[in-house]
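One structure is given below, encoded as structure tokens.
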Amino acid sequence: MVTHESGGHHHPPTGFIRKYIFSLDHKVIGIQYYFLALFSVFLGMALSMLMRIHLVWPNMKLPFTSGGQMTPEQYLALVTMHGSIMVFMVLTTAPQSGFGNYILPIQIGAEDMAFPVLNMLSFWTTFLSLVVLTSAFFVTGGAPISGWTAYPPLSALGQISGPGEGAGQTLWVIGVAIFCIGSLLGALNFITTTVDLRAKGMTLGRMPLTLWSWLVTAVLGLLAFGVLLAACLLLLLDRLAGTSFFIPGGLVVTDTPIVSHTGGSPLLWQHLFWFFGHPEVYIAILPGMGVASHILSTFSRKPVFGYKAMVGALCAIGFLGFCVWGHHMFISGMSPYSAFAFSLLTMTIGVPSAIKTFNWLGTIWGGKVHFTTSMLFALGFVSLFVTGGLSGLFLAQPSIDLYLHDTYFVVAHFHLIMGVAAIFGIFAATYFWFPKMFGRMLNETIGKIHFWFTFVGVYCIFMPMHFLGLAGHPRRYADTTGVNFLAPLHPVHYFITMAAMITITAQLLFLFNFLYSLKAGEKAADNPWNATTLEWSVPSPPPFDNFAGHVPVVYRGPYEFSVPGATEDYIPQHLTPERVGKAH
């Protein structure tokens, strides 16, 4: 067992390298993760913009393409790398490893994470993963064309199966495997820190919902990334060592019989991948749920409605997330009885999700709502989560999914509920904790302009994709001009592309606001939001050991707002009962 006396202790850094590069300080490591995700999200958006431009103007000369003309294989490579970078390097990294690393130890009253060296290694392992993954662009054949799901046998046979399936696909598999190792190291650290290093009085029932969401996410990561790591190792063996885990016998590729492999099962990869893949959805979204709950309570000046139910819903979503991977495989030929079971379990996840949604509404109801930028993004998160979840009800039905599975309806669904909702959680957390992390305030006016362009923009991008899917528009098509029944849908693509251009341009407002405020933003008070949790009891930014050698004591729950009889409308967790002002 790690204790306050045995865990998280290390000496202050004495040089630039130890302080800013190979730092052991959880706060620096959290910022490193955040900037890695910030770089990755702009790279991912650039790739998506190239795809959108090509879909609307397929003959346009584009950069980074052979002869200026994008081939279908290059389009699929963009699809693969956009999805991989966004899922692994942004949605998995920023909410959990970025904000979790920075805020979690302070919120529980610890000096640092339980294992600071392991924390440093987890970041640099993730950084190496990004380098290996993106290097696939620069090898012979280019990036892989198998999508972020890398289904065999396309991903398992090597160069014979298409451009990018040689060295590019091998680098992709190695990069993802390295990412799994970094995530496993981080998950162990998060769980140990939360369980063992809580301050005196910080019982499980007094933990902020952000802590609960990071803890459940860490448990999901510990169980899920090990499975993906094993799957990647097996895929590498198929590619490089002549094994046949995922490659069946009797394959013929471009008139060439594949005689060196026999007996493998492509469906085995699908089971392994989606056993990771569906919990990954919640690895991306659960931290956003915790952040939204935290911010909605803070800026409604009300306690979280149904705290225990919210904790139970988080845990239930985490558990059920491991029981529904088969709904990604309804068209794989599975037994109708299995499909029914997975469908029923998928619908069951709607129960804890509905509990969270109604409790968010209950938290806001009757409150003194302050529409700060972080509050707007938290409300936007709730909106996108509900909208994306509703389309999931259709895909949870095997008979409907047979029609919709390979269409833009699925693209719209997972972008809303997994991608954009999680991004809104990241933005909400950024505007909320930026003053604590950097000691400066982000500009609220620019922030609100950024919110409205982004909120309206993402709905303009992804809502029309549902209609494309209902019309039978297949996803992954690089060029639809030769498909007659899709010709009437081209104006919809044009509208989506225009909306994407405006929305991506709006992110430059955020980038300007972020970088400008780092140096010239208004100096932040220690507790600019009049919040109650422990991170707001220390200076902004916090000192090296967070609490200057004094371990705080927690006296109450995390959401003591508008307490009857108190002189202030908030009571911090660390404030002793004797110091709580009473109204007369």
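The values are calculated or read from the model by the stated rules, or taken from the named source; none is laboratory data. Computed from a prediction, not measured in an experiment: that's the story for all the values here. We place every Cβ from the backbone using ideal geometry, glycine too, and count neighbours over all the protein chains shown. Protein only, heavy atoms only, side chains kept; ligands, DNA and RNA dropped before computing areas. Shrake-Rupley method; radii C 1.70, N 1.55, O 1.52, S 1.80 Å.
Quick look at the values:
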| quantity | calculated |
| --- | --- |
| Residue match in segment 149-162 (condition: assigned to a helix (DSSP H, G or I) and either open to solvent by less than 40 Å² (accessible area, probe 1.4 Å) or not assigned by TED's automatic domain parsing to the domain that holds PHE123 (or both)) | yes |
| Options GLY264, GLY249: the member that is without any contact (Cβ under 8 Å) to a residue 24 or more places away in the chain and surrounded by fewer than 24 Cβ atoms within 10 Å (Cβ to Cβ) | GLY249 |
| Members of segment 386-439 that are in a helix (DSSP H, G or I), under 27 Å from SER84 (Cβ atoms) and touching a Pro at 6+ places or on another chain (Cβ under 9 Å) | TYR408, ALA412, ALA422, GLY425, ILE426, ALA429 |
| Failed condition for ALA341, given (1) part of a loop (DSSP other than H, G, I, E, B); (2) modelled with pLDDT of 95 or more | (1) |
| Qualifying residue in segment 365-381 (condition: assigned by TED's automatic domain parsing to the domain that holds PHE427, surrounded by fewer than 19 Cβ atoms within 10 Å (Cβ to Cβ), among the basic types (Lys, Arg) and over 24 Å from LEU489 (Cβ atoms)) | yes |
| All helices (runs of 4 or more DSSP H) inside segment 1-118 with 3 or more residues being of a type in the set (A, V, I, L, M) and within 30 Å of ASP479 (Cβ to Cβ) | 26-56, 72-84 |
| Odd one out for PHE179 among (1) touching a helix residue (DSSP H, G or I) at 6+ places or on another chain (Cβ under 6 Å); (2) open to solvent by less than 10 Å² (accessible area, probe 1.4 Å); (3) farther than 19 Å from VAL41 by Cα | (3) |
| Positions within segment 383-414 being open to solvent by less than 30 Å² (accessible area, probe 1.4 Å), closer than 28 Å to PHE358 by Cα and not small (Gly, Ala, Ser), in sequence order | LEU384, PHE385, LEU395, ASP401, PHE409, VAL410, VAL411 |
| Search result, residues across segment 542-571 that are in a loop (DSSP other than H, G, I, E, B), of a type in the set (A, V, I, L, M) and within 20 Å of THR298 (Cβ to Cβ) | VAL554, VAL563, ILE571 |
| Candidate set: segment 188-222, residues that are open to solvent by 10 Å² or more (accessible area, probe 1.4 Å) and within 17 Å of the chain's Cα centre (by Cα); chosen: the one farthest from PRO105 (Cα to Cα) | LEU222 |
| Residue check for ILE145: part of a helix (DSSP H, G or I), of a type in the set (A, V, I, L, M, F, W, C) and at pLDDT 95 or above | no |
| Residue satisfying all of: in segment 167-176; open to solvent by less than 10 Å² (accessible area, probe 1.4 Å) and touching a helix residue (DSSP H, G or I) at 6+ places or on another chain (Cβ under 6 Å); nearest to PHE127 (Cα to Cα) among these | GLY175 |
| All positions within segment 477-533 that are in a loop (DSSP other than H, G, I, E, B), of a type outside the set (Ser, Thr, Tyr) and surrounded by 14 or more Cβ atoms within 10 Å (Cβ to Cβ) | ALA478, ASP479, GLY521, ALA524, ALA525, ASP526, ASN527, PRO528, TRP529, ASN530, ALA531 |
| Residue list for segment 212-245, filter: in contact with a Leu (Cβ under 6 Å, 6 or more places away or on another chain) and not in a helix (DSSP H, G or I) | THR243, PHE245 |
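Table: residues versus (1) surrounded by fewer than 22 Cβ atoms within 10 Å (Cβ to Cβ); (2) among the basic types (Lys, Arg).
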{"position": "THR298", "(1), (2)": "no, no"}
{"position": "ARG301", "(1), (2)": "yes, yes"}
{"position": "MET310", "(1), (2)": "no, no"}
{"position": "VAL324", "(1), (2)": "no, no"}
{"position": "PRO336", "(1), (2)": "yes, no"}
